[in-house]
1. Which number in (1) over 21 Å from the mean Cα position of the chain (by Cα); (2) within 11 Å of another protein chain (Cβ to nearest Cβ) marks the one condition that A:Arg119 misses?
2. Quick one: how many residues across segment B:195-210 are polar (S, T, N, Q), under 18 Å from B:Val143 (Cβ atoms) and in contact (Cβ under 8 Å) with a residue 60 or more places away in the chain?
3. Please work out which residue is farthest from A:Ile216 (Cα to Cα), limiting yourself to segment A:132-162 and to residues that are facing chain B (nearest Cβ under 9 Å) and among the small types (Gly, Ala, Ser).
4. Looking at segment B:200-223, which of its residues are in contact with a Phe, Trp or Tyr (Cβ under 9 Å, 6 or more places away or on another chain) and of a type in the set (S, T, N, Q)?
5. Collect the residues in segment B:21-51 that are more than 22 Å from the chain's Cα centre (by Cα) and among the hydrophobic types (A, V, I, L, M, F, W, C), keeping them in residue-number order.
6. In this structure, is A:Glu176 out of contact with any helix residue (DSSP H, G or I) (no Cβ under 9 Å at 6 or more places or on another chain), among the charged types (D, E, K, R) and assigned to a helix (DSSP H, G or I)?
7. In segment A:200-209, which residues are surrounded by fewer than 24 Cβ atoms within 10 Å (Cβ to Cβ) and either assigned to a helix (DSSP H, G or I) or within 14 Å of the chain's Cα centre (by Cα) (or both)?
8. I'd like the full set of residues that are hydroxyl-bearing (Ser, Thr, Tyr) and within 12 Å of chain B (Cβ to nearest Cβ), limited to segment A:163-181.
There are 2 protein chains.
Amino acid sequence: MIAGSGGAVEDSPIEKSLALTRLYQPIVEQMKALRDHLHDEFASSEPFVNELLEHLAKFRGKQIRPACVFLAGKCFGETHSDHIRCAAVVELIHTATLVHDDLLDQADIRRRVDTVHSRYGDRAAILLGDIIYARGFVISTEVEGAARQLAECTREICIGEMLQVGSAGDLDLSEEQYFQIIHRKTAILYGLSCRLGATLSGASDEQADALERFGILLGTAFQIADDALDLVGDQEQVGKSLGTDLVNGKMTLPLILLRDRLDGERRESLMQLLEAAAAGQSDHAAHAKLLKWFEQEGILERVQQRASELIDGALEALRDASGPGPARERLEELARFVVRREL
Amino acid sequence: MIAGSGGAVEDSPIEKSLALTRLYQPIVEQMKALRDHLHDEFASSEPFVNELLEHLAKFRGKQIRPACVFLAGKCFGETHSDHIRCAAVVELIHTATLVHDDLLDQADIRRRVDTVHSRYGDRAAILLGDIIYARGFVISTEVEGAARQLAECTREICIGEMLQVGSAGDLDLSEEQYFQIIHRKTAILYGLSCRLGATLSGASDEQADALERFGILLGTAFQIADDALDLVGDQEQVGKSLGTDLVNGKMTLPLILLRDRLDGERRESLMQLLEAAAAGQSDHAAHAKLLKWFEQEGILERVQQRASELIDGALEALRDASGPGPARERLEELARFVVRREL
């Protein structure tokens, strides 16, 4: 994930792509069916809405959440059309949160493309997010028993985001509060993706619980990695606006761990640096100082350690629930992949 | 609704309140149950989210959409707990659109209270809207057969809003395009409120269709009245920010009718006035000029006429579907009330 204060060591795009091709190998057909499904959903829209959705399609990420739906299903049996619908819904929910998030963060680049609000304005971004949520809910009603869970999960995600907004500028945010926020805003959607995939393939309640736990731990580790990259990543390599958390006064794990290790003058100096950054007064020197502190205090190793422990827990939950096989192997690799670098 | 160029003639708050008390008399218990239901929904939230929701509760409007659910139900039989759930959902969807709308319009006052974004910021307003939508969808899954219709309706509402955003500044917007936009952004939620209420009380498909038609026509007339008030109403009496449509370059019915009647120099002068207003360069003199044109060309009478025709159609649909009785009478009064002034 992160390699000391020198910045992130990212695999090349080709290596990344090869790794993903391998990861998704058992679910190639399902991922294609998902893309077709999403494409058909969007093609019927009004021209202006369609233009926005087509712009949005350029951001297509690694679609890890849909992959979780399919791979979790494959651990317990065959996948069918309801898996595709659920995969579409989790991807739509995630996409809608991204559109609103980028607006909230005033981020201008995502996956190397202008974000919706930076090209079409804030109004369009708000409504596009709303349309995507609503489309997701429409599809969710086609899968028996899934709609309520997906709607509740969405509400939790938004509450998690709201708690983060409410705690912006709170430099005393505790580690516990940080984990509560990322649990809601990120982890539970991974958890539900895995649960629904498993349940739809006939997993028992116990197995579904274990898969949900796998997803939650995976999602938590993912968010930790993502937050660390925002501080120490290279914008060119990561492909999205970075440093937004500092500007928005968001205390993420590296900053919390650093704050709790520094004392006296150095702590005071850190707090001033964070306040200045949140007030838009940050520069290269301040950022270099932060990276130096991270190195001196071994912060990135600690963050890495925390993420690895979560992944260990995830793998344990997975092995308890499912016998060995290609789908389980790919979920295991996915879990390791997530903390190795940003997906 | 509107009384010539002198501005709106609004009934006093007491008269308004008395009229509503009478309108809602057959459904007093149901409206109370709705308020309790919404209160319980909100009480369980996180403190910060709860603070925002409590602020939002101050905006509580006339709750016409829930009243439509109950009154439409009462036309065909008893109402029960599913009516309360559906009423809660339509009110939540409406509330969420308001929170996002006020942000889109940069309106600072709604029902005499600061809007959410003006007090808590844009981030909080976006997320609060998202949370309210999601809460609505959660409740909708408890009513068999309603979730999909409500999600599709929400998507249509947002697409309607998006089309309006996309046409901002388009001074050539046709009357037909205007009606398409308000159909989606406003009318269909009234239509669905009436349909669901009727269906849940055992109405036939034909009766449900007629009630939906009633709601759509009522909602269309309501939006026409609302748009006219934005141009000629008195902010103190109406209780929300007015004149936002002009600033946002929204062509509404009075402006479209006026544009299509003026020619030559006067038309050119109107276009310049509208362009200046959309660029933030509007003043009392410009507004007075607009009101004078409205008077000279009898625009408000024409708008009133259009709204009245819609209400006549609504009443016809209602009478075709339902026999006489207190609930039908109240729906009839509600329809007349809507075009008499802003609710």
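The values are calculated or read from the model by the stated rules, or taken from the named source; none is laboratory data. Everything numeric here is computed off the predicted structure, so don't read it as measured data. Note that we place each Cβ from the backbone using ideal geometry, even for glycine, and neighbour counts take in every protein chain shown.
1. Of the numbered conditions (1) over 21 Å from the mean Cα position of the chain (by Cα); (2) within 11 Å of another protein chain (Cβ to nearest Cβ), the odd one out for A:Arg119 is (2).
2. Within segment B:195-210, the subset polar (S, T, N, Q) is B:199, B:201, B:204, B:207.
After this cut, where a residue has to be under 18 Å from B:Val143 (Cβ atoms) as well, the list is B:199, B:201.
Still in the list and also in contact (Cβ under 8 Å) with a residue 60 or more places away in the chain: B:201.
Going through segment B:195-210 one residue at a time, the tally reaches 1.
3. A:Ala134
4. Once the filter is applied, which keeps residues that are in contact with a Phe, Trp or Tyr (Cβ under 9 Å, 6 or more places away or on another chain) and of a type in the set (S, T, N, Q), segment B:200-223 yields B:Ser201, B:Ser204, B:Gln207, B:Thr220.
5. Those that are more than 22 Å from the chain's Cα centre (by Cα) and among the hydrophobic types (A, V, I, L, M, F, W, C): B:Ala33, B:Phe42, B:Ala43, B:Phe48, B:Val49.
6. Numbers: out of contact with any helix residue (DSSP H, G or I) (no Cβ under 9 Å at 6 or more places or on another chain): yes; among the charged types (D, E, K, R): yes; assigned to a helix (DSSP H, G or I): yes.
Yes; evaluated as a whole, the condition is true for this residue.
7. Correct list: A:Asp205, A:Glu206, A:Gln207, A:Ala208, A:Asp209.
8. Start the filter on segment A:163-181 by keeping residues that are hydroxyl-bearing (Ser, Thr, Tyr), which leaves A:167, A:174, A:178.
If the condition is that a residue be hydroxyl-bearing (Ser, Thr, Tyr) and within 12 Å of chain B (Cβ to nearest Cβ), then A:Ser167 is the only one that fits.
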